[in-house]
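Here is the structure we will look at, set down as structure tokens.
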Amino acid sequence: MLVLTRKPGESIRIGEDISIRVIGVQRRQVRFAIDAPREIPVHREEIYELIQKENREAATSTTELDPTPIWKRGNEGVTK
Amino acid sequence: MRIDSPRFGSVEATEDQLVQFERTIPGFPGCRRFAWVDHGRETPLRWLLSVEQPEVAFLTLEPDQFLPSYDVDLPEWLLGVLEWKPTDDWNSIAFFALLTSQDGELFANLVAPIVVNLRNRRAVQWIRDEPHLPLRHPVRPLDPEARDPF
């Protein structure tokens with residue numbers, strides 16, 4: 001793992017076209033400005049992990065499921 | 001194209017029933033192409049069946065079916081990835097929520113909907129970094145008469 005030290009206003013470049021600049025440091029928070037091509041998704045790590053987990057749960061929780069009765073039951077008490 | 005799925009058996013999918021994900025679906029890096037399979041049985045539910053890993057299928061539902069107030073403000077990068085141009089028909093963009101089953105109920109992930117350009121069948125799972133959106137919103141069918149007219 002590479003560890004670097006940067007000051008506010010300084011950047012890190014990853015490959016040809018990803019640039020991460022430190023734009024502010026306040027107490028225990030750091031703000032970054034990230035420039036990346038649109039095919040490179042950029043997310044907060046915990047959000048990405050949350051979606052990863054929920055996607056896996058979506059697939060596995062419905063593998064054996066017949067959703068028809070759940071939908072029909074819901075239809076009996078439709079929202080007016 | 002024929003897909004042999006443990007759930008659906010042998011599925012014959014034509015080109016217009018396929019979608020291509022332009023970005024990795026978190027948790028499913030090997031799955032880029034999916035085929036639509038209607039659940040039918042008088043429900044609006046549809047499955048997205050993975051072409052590369054046919055044991056993977058997602059149950060999906062359009063948010064209109066249970067939450068007409070689900071607002072979207074599509075960022076430009078997303079429209080760019082879907083190759084949607086401002087001169088294109090807005091109706092060619094469709095949304096689908098992935099459903100999770102828990103304790104005999106269905107829940108929709110409203111944080112990360114699937115967005116599809118129906119014209120070219122390009123798709124993306126859009127991760128909306130907005131704290132008010134629920135990861136599991138209970139799915140209850142709407143009364144057809146109470147549907148949002150828009």
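Tabulated data
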{"read-out": "Summed buried accessible surface, chains B and A, 1.4 Å probe, nearest 100 Å²", "value": "3300 Å²"}
{"read-out": "For segment A:1-40, diffusion coefficient by Stokes-Einstein and Kirkwood Rh (Cα), 10 °C, 1.306 mPa s, µm²/s", "value": "143 µm²/s"}
{"read-out": "Separation of the residue B:89 and residue A:4 label points, Cα + 7 Å toward Cβ, nm", "value": "4.8 nm"}
{"read-out": "Cα pair count fraction exceeding 23 Å, expressed as % - chain A", "value": "53 percent"}
{"read-out": "Protein-protein interface of segment B:82-105, residues with accessible area decrease of at least 30 Å², isolated chain reference, 1.4 Å probe", "value": "B:100, B:101, B:104"}
{"read-out": "Carbon and sulfur %, accessible surface of segment B:2-138 computed with the full protein complex present, 1.4 Å", "value": "47 percent"}
{"read-out": "Alpha-carbon Rg/Rh ratio, for chain B, with Rh computed the Kirkwood way", "value": "0.95"}
{"read-out": "Convex hull of the protein assembly as shown built on C-alpha atoms - directionally averaged projected area, nm²", "value": "16.2 nm²"}
{"read-out": "Eligible aspartates and glutamates near residue A:72 by straight Cα distance, threshold 12 Å, same-chain separation 8 or greater", "value": "B:42, B:105"}
{"read-out": "Cα→Cβ-extended label distance, 7 Å offset, between residue A:34 and residue A:63, nm", "value": "3.1 nm"}
{"read-out": "Segment residue B:130-residue B:15, extension gain: residue separation times 0.36 nm, minus the distance between their alpha carbons", "value": "38.0 nm"}
{"read-out": "Rh by Kirkwood over Cα pairs, then Stokes-Einstein D for segment B:66-150 at 0.890 mPa s and 25 °C, µm²/s", "value": "173 µm²/s"}
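The values are calculated or read from the model by the stated rules, or taken from the named source; none is laboratory data. Just so we're clear, the structure is a prediction, and the values are computed from it rather than from any experiment. Positions of Cβ are backbone-derived with ideal geometry, glycine not excepted, and every protein chain shown enters the neighbour counts. Note: accessible area is taken over every heavy atom of the protein model, side chains too, but ligands, DNA and RNA are not part of it. Shrake-Rupley method; radii C 1.70, N 1.55, O 1.52, S 1.80 Å.
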